[in-house]
1. Over the chain, what is the relative contact order in whole percent, taking alpha-carbon pairs under 8 Å and six or more residues apart?
2. For ALA36 and ARG7, what is the calculated FRET efficiency with R₀ set at 25 Å and r taken between the beta-carbons, to the nearest 0.05?
3. Please work out how much length the chain gains when fully extended from ALA43 to GLU15, using 0.36 nm per residue of separation minus the C-alpha to C-alpha distance, in nm with one decimal.
4. Net charge within 15 Å of ASP17 by Cβ-Cβ distance, Lys/Arg positive one each and Asp/Glu negative one each, not counting ASP17 itself?
5. Once the cut-off is 12 Å, how many percent of the Cα-Cα pairs in the chain end up in the long-distance tail?
Amino acid sequence: MGMTIKRYCPACGAELDEEGICARETCPRRKLQLDAKAKKEAAEKAKTK
Ligand SMILES: [Zn+2]
């Protein structure tokens, strides 16, 4: 119940969102995370086809 554990990016120290993605737009790690997420979502879409 409202037990949100705050996590921080090991690369830049910014807070992570609920999906564990860095909140800093210029972060290189965030870019990798978004790429991985997009790939994962594309794979899931392909599955439900
Ligand atoms: Zn970061």
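1. Answer for the chain is 20 percent.
2. Working: r = 16 Å, r/R0 = 0.66.
For R0 = 25 Å, the calculated efficiency reads 0.95.
3. 7.4 nm
4. +3
5. Result for the distance tail: 65 percent.
No lab work stands behind these numbers, since they all come straight from the coordinates. Keep in mind it's a predicted model, so treat the numbers as computed, not measured. In this analysis, Cβ positions are derived from the backbone assuming ideal geometry, glycine residues included, and neighbour counts consider all displayed protein chains.
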